[in-house]
Structure formats: structure tokens, C-alpha cells
Amino acid sequence: MKTVCEFCKTEYSLDVVPNGPVKCAICGNTWIVHRPQRRNPMLVFIASMCALLAAIVFAVAVLYQYQVKEIRDNPVIAEISAITTDTDENGVQHFLVSGRVMNRSEQIYGVPSLVIVSYDTKGNVISRQRFMPSATLLDAGTDVKFKHKLSVPIDKVEKIAVELETQGK
Ligand SMILES: [Zn+2]
């Protein structure tokens, strides 16, 4: 810690707080060295809470920024909500895939064709079935539901995904 002679302003550096008064080597002035004030625990607490709050606000800001970018990059998305089975006239079971196409932006979008991709147990693509949802235009913030029957029998299919058909890319 540091202490300063109150008379001649000479600075001394001390390892420990002396029990009695100290005497200045330059001017002979004596003074009592006080233990350095500990930081007010309340202030330390408030400072750390402020830092925490700033970190949370920053995290939310980053998250929000990420979401905005994600929506801007993919304004229209498709998702599967349910997969059921359906038996055809020959007694063969097929998967019936339902879901929705969402327009998450603030402008009208044309509804793209959807592709239901089915995979086998090894992750290989069995089929890519393209179809058009019932609506052709999606207003801002709206969605349209779809339901599509897979042509492949269920016993071959391990995983099903839906993709938007990207035009001309
Ligand atoms: Zn002095």
C-alpha cells in the first residue's frame, strides 16, 4: 500500500500497515497510516449485477440479431407437424406427412413447391417427392397446411424431411 507524508508529500510504499505512527525520512513529520478502506460490499454487489445484466442484454441482443438474420435469409420455411400411416387399396401402408409452410416475413411470398425426402436406415435418399401446397400465395405472417402421401411403402423409410424447392438456384 501507499502512504504520503502529509507535510512534504513524499510517497512511501509499505508492505504492512504499521501499528504506530510513521516518520518521514525527508522532513521528520509523523502521521498515522490507516488501513486502506475495503470496497463497500454493496457497491461491489451492484457493480457485479450491472455486469451480469449487461451480459444478459448483450446475449438477448445477439440472439435477436441472429433471429432477424435467420428470418431474412429464410422468410419462408416448411416444417413437418405429424406423420401418420395410410393403407392403400392393395393393403400397403404409406406414410402420410402433414405440416405447414410459414411466411415469417412482412411481405407476401409465393408458395414454393415442397419436396418430401425420405431416407433409409443408412441415410441414403430413397425418394424425393415434389408437390405443390394448396395455396399459391402466402400473406405476411401466415401459413398454409399441407398433407402428402409418400409413394414408397413404410417399411423402407427411416427418416422423412421436408424441403422447399429453391427456384433457379
Ligand atoms: Zn515529509
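We did not get these values from a lab; they are worked out from the coordinates using the rules stated. Quick caveat, the model's predicted, so the values are computed rather than measured. Heads up, the Cβs are rebuilt from the backbone with ideal geometry, glycines too, and the neighbour counts pull from every protein chain shown.
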Open item on the list: Under the rule of at least 5 residues apart or a separate chain, name every residue whose amide H is placed under 5 Å from the amide H of residue 111.
Closed with: 137, 138
- [ ] Can you figure out the FRET efficiency of residue 81 with residue 40, using R₀ = 45 Å and their beta-carbon distance, to the nearest 0.05?
- [x] 0.20
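Multiply the residue gap between residue 67 and residue 139 by 0.36 nm, knock off their C-alpha separation, and tell me the result in nm, one decimal place.
Values: separation 72, 0.36 × 72 = 25.92 nm, distance 2.01 nm.
Between residue 67 and residue 139, full extension yields an extra 23.9 nm.
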Task: Cα-based Lys proximity count in the chain, under 26 Å, for pairs eight or more positions apart or on separate chains - done: 16
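Given a cut-off of under 8 Å on Cα pairs at least six residues apart, what relative contact order in percent is computed for the chain?
Details: 267 pairs, mean separation 29.3, N = 169.
Computed value for the chain: 17 percent relative contact order.
Could you please rank 1, 102, placing first whichever residue has the fewest other Cβ atoms within 10 Å of its Cβ? Display every interim value, and only then the final one.
Numbers: 1 12, 102 18.
Lowest to highest Cβ neighbour count: 1, 102.
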Task: Helix 41-73 vs. the chain, principal-axis angle (Cα, 0 to 90°, nearest 10) - done: 30
- [ ] Would you compute, from DSSP H runs of 4+ residues alone, the mean residue ellipticity of the chain at 222 nm, taking -39500 (n - 2.57) per run and dividing by the full residue count, rounded to the nearest 500?
- [x] -7000 deg cm²/dmol
Open item on the list: With the cut-off at 1.5 for a/c, could you classify the chain from its C-alpha gyration tensor as rounded, prolate or oblate?
Closed with: prolate
TODO: Mind sorting 89, 106, 165 by how few other Cβ atoms lie within 10 Å of their own Cβ, fewest first?
DONE: 89, 106, 165
